[in-house]
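Quick notes on the structure that follows.
Values in this text are rule-based calculations from the coordinates and carry no lab data. Here the structure is a predicted model, which is why all the values come from computation and not from measurement. Cβ atoms come from the backbone with ideal geometry, glycine included; neighbour counts cover every protein chain shown.
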Number of protein chains: 2
Amino acid sequence: MSIIAVGSVAYDSLKTPYGERERVLGGSATYFSIGASLFTHVNLVGVVGEDFDDADLNLLKSRDVSLEGLVRRPGKTFFWKGEYGSNLNEAITHDTQLNVFAEFDPEIPDSYLDSDFVFLGNIHPALQGKVIDEVGKGRFVACDTMNLWINETRDDLMKVLKETNLLFVNEGEAKLLTGEPNTIRTGRKILEMGPEMVCIKRGEFGSILMDRENIAMAPAFPVEKVIDPTGAGDTFAAGFLGYAAGQGSLDFSVCREAVKVGTVLSSLEIENFSVERLKTITMEEIDRRLVEYRKIIS
Amino acid sequence: MSIIAVGSVAYDSLKTPYGERERVLGGSATYFSIGASLFTHVNLVGVVGEDFDDADLNLLKSRDVSLEGLVRRPGKTFFWKGEYGSNLNEAITHDTQLNVFAEFDPEIPDSYLDSDFVFLGNIHPALQGKVIDEVGKGRFVACDTMNLWINETRDDLMKVLKETNLLFVNEGEAKLLTGEPNTIRTGRKILEMGPEMVCIKRGEFGSILMDRENIAMAPAFPVEKVIDPTGAGDTFAAGFLGYAAGQGSLDFSVCREAVKVGTVLSSLEIENFSVERLKTITMEEIDRRLVEYRKIIS
């Protein structure tokens with residue numbers, strides 16, 4: 001089963017304790033599409049500017065990713081400049097230039113409508129809502145969000161949550177959304193807001209997946225050298241949904257496994273800058289690391 | 001196999017989001033002894049003052065805990081007053097009165113010397129070193145420490161670590177000890193300091209157990225109502241060492257299981273103030289929660 005992925009395609013300038021990179025490929029839809037294309041076909045929806053490099057376009061084309069929904073607009077591609085200190089859980093933003101992304105108005109090509117899964121990256125909830133309306137009922141919708149939308153556009157976000165099957169959310173943002181300090185109760189409150197399932201992401205501490213009856217906790221894979229954590233959350237979602245879509249099921253037992261795949265995929269992704277590592281990952285590497293991961297958590 | 005437990009026996013005045021308690025039973029050796037006595041015989045070494053209540057003494061006597069090494073001295077029992085905000089990972093200390101604990105000079109009764117395991121609670125490393133000398137070689141020594149000793153008495157602590165088989169340490173303190181921001185590399189550096197095994201405690205995020213060849217990661221059990229986190233670390237160590245001593249082995253495969261038992265025991269302990277919950281826990285409850293825990297992490 002294929003996945004529609006909607007989100008940002010960007011250039012990032014990054015500084016981490018391991019070095020710096022200027023204007024490298026980034027964006028939630030980019031990380032998600034490259035990651036999920038290991039498991040299933042991805043239909044990308046996004047916007048880039050005139051400066052978007054053909055090499056980057058070719059990278060996406062070389063994967064199992066449809067680009068009919070990736071439009072090019074006059075102007076520049078979304079640009080983010082950020083830095084990570086030794087606390088790799090949190091980025092310091094130095095510059096955000098929305099550029100063509102400011103007018104992003106996602107349109108879903110008809111050819112995408114055979115997808116059963118939809119991933120809504122971290123964009124304005126009004127746009128997430130628009131996509132949900134466009135694709136119609138009956139698909140599995142997963143979405144991500146952030147503190148900006150929780151604080152500034154809560155009503156829009158609450159509407160989206162009612163139509164969402166699975167919410168991916170950082171722990172701090174989950175607590176902000178619910179006003180609840182206990183993580184498990186936070187999860188339960190989010191489930192009351194609409195989603196059937198919530199995955200609370202805890203960065204280097206792993207993740208918690210909950211539905212109304214089950215809880216699954218997964219530690220992060222122990223990575224000794226985190227070169228660049230950018231994209232870890234979207235890559236986690238890519239592994240999760242890619243695996244589940246590949247299995248064609250969202251039973252909790254499948255999702256327990258999907259969490260492990262997401263954990264392992266993101267642990268590989270952060271081993272290099274931008275999508276450098278992600279674009280070389282093979283299924284053999286994922287399987288090898290899954291074996292190691294199972295041993296560590298057994 | 002029995003365990004010698006050395007540490008504080010105290011009265012605590014506590015405030016948490018769920019209420020307040022005045023002068024309730026506390027101390028690292030107290031939590032450890034009550035917890036570990038579920039699994040094996042414990043030989044307690046500590047000091048109390050003239051104010052120490054017979055009811056509290058009787059509670060310890062009612063467990064499988066020898067009190068020959070618990071001495072009573074003129075003066076008052078160690079007293080700590082603390083508070084937890086909604087971040088239950090960190091206590092705010094309002095008052096510390098060492099009282100008789102200031103002159104604590106642990107003496108190991110001869111009758112204790114058949115113990116194969118030694119737990120050194122979080123006391124001055126010079127005293128931990130003294131106990132290690134007293135008990136002699138050939139026993140399994142586990143110890144705990146804290147930022148105070150890492151900052152103020154590092155040389156003493158480094159000597160203790162050379163004689164320690166297993167170090168229990170909070171993640172922040174482990175990083176302080178090694179100057180290393182990455183948790184796994186922190187663990188490796190600690191193993192270079194002497195211990196064969198290190199257990200890095202991450203509070204609500206669980207724990208990581210490492211030896212030179214293996215890593216085991218265990219999420220915390222998801223507790224929805226943490227009434228009082230005091231003693232969680234010592235209770236975790238109690239479950240860990242109590243289980244391992246009961247098995248008579250410290251193979252990594254046994255320790256993987258021991259981490260789970262420690263995790264589950266401490267998750268029960270924090271469900272009430274002081275030792276209120278701990279003293280009523282049964283093996284049946286532990287087994288039930290272990291089943292639930294295995295499901296959550298499977």
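A few remarks follow.
- When the Gaussian network model of chain B links Cα atoms closer than 10 Å, the mean-square fluctuations of B:LYS137, B:LYS81, B:LYS201 top out at B:LYS137.
- Residues whose placed amide H lies under 5 Å from that of A:ASP228, excluding near-sequence neighbours: A:ASN272
- The mean count of C-beta atoms from other chains within 10 Å of the C-beta of residues in B:85-94, rounded to a whole number, is 1.
- Of the GluC sites (Glu not before Pro) in the range A:255-298, not one is in a loop by DSSP (not H, G, I, E or B) with at most 12 other beta carbons within 10 Å.
- Here the calculated FRET efficiency for B:SER249 and B:ARG73, from their Cβ-Cβ distance with R0 = 35 Å, stands at 0.40, rounded to the nearest 0.05.
- For the range B:3-297, the spread of Cα positions along each principal axis, largest first, Å: 48, 42, 35
- Take each residue of peptide A:291-297, count the partner chain Cβ atoms within 10 Å of its Cβ, and average: the result is 3.
- Mean separation of Cα contacts under 8 Å, 6 or more apart, over the residue count of chain B: relative contact order %: 17
- Counting only DSSP beta bridges with both residues in the protein assembly as shown, the antiparallel share comes to about 40 percent.
- Share antiparallel - DSSP beta bridges, chain A, percent rounded to 5: 40
- Prolate/oblate/rounded call for the range B:1-72, Cα gyration tensor, a/c under 1.5 rounded: prolate
- Sequence-distant aspartates and glutamates (8 or more away, or on other chains) whose Cα lies within less than 13 Å of A:LYS279: A:ASP56, A:ASP64, A:GLU269, A:GLU271
- Between copies, the label points of A:ARG139, set 7 Å from Cα on the Cα→Cβ line, lie 6.6 nm apart, reported in increasing order to one decimal in nanometres.
- Shape of the protein assembly as shown, Cα gyration tensor, a/c cut at 1.5: prolate
- Stretch gain in nm, segment A:GLU196-A:MET158, where the contour uses 0.36 nm per residue and the Cα spacing is subtracted: 12.3 nm
- Chain B residue nearest the axis that carries B onto A, by Cβ, with distance in whole Å, is B:PHE205, 2.
- Per-copy distances of the A:GLU276 label point, shortest first, in nm (7 angstrom along Cα→Cβ): 5.5
- Since only B:ILE108, B:VAL264, B:TRP80 are under comparison, the one whose Cα sits farthest along the positive direction of the charge dipole of the protein assembly as shown, derived from C-beta charges on Lys, Arg, Asp and Glu, is B:VAL264.
- Shortest-first nm distances, B:THR96 label point to equivalent points in other copies (7 Å, Cα→Cβ): 4.2
- If you take the Cα centroid of the range A:6-78 and the Cα centroid of the range B:220-298, the two points sit 46 Å apart.
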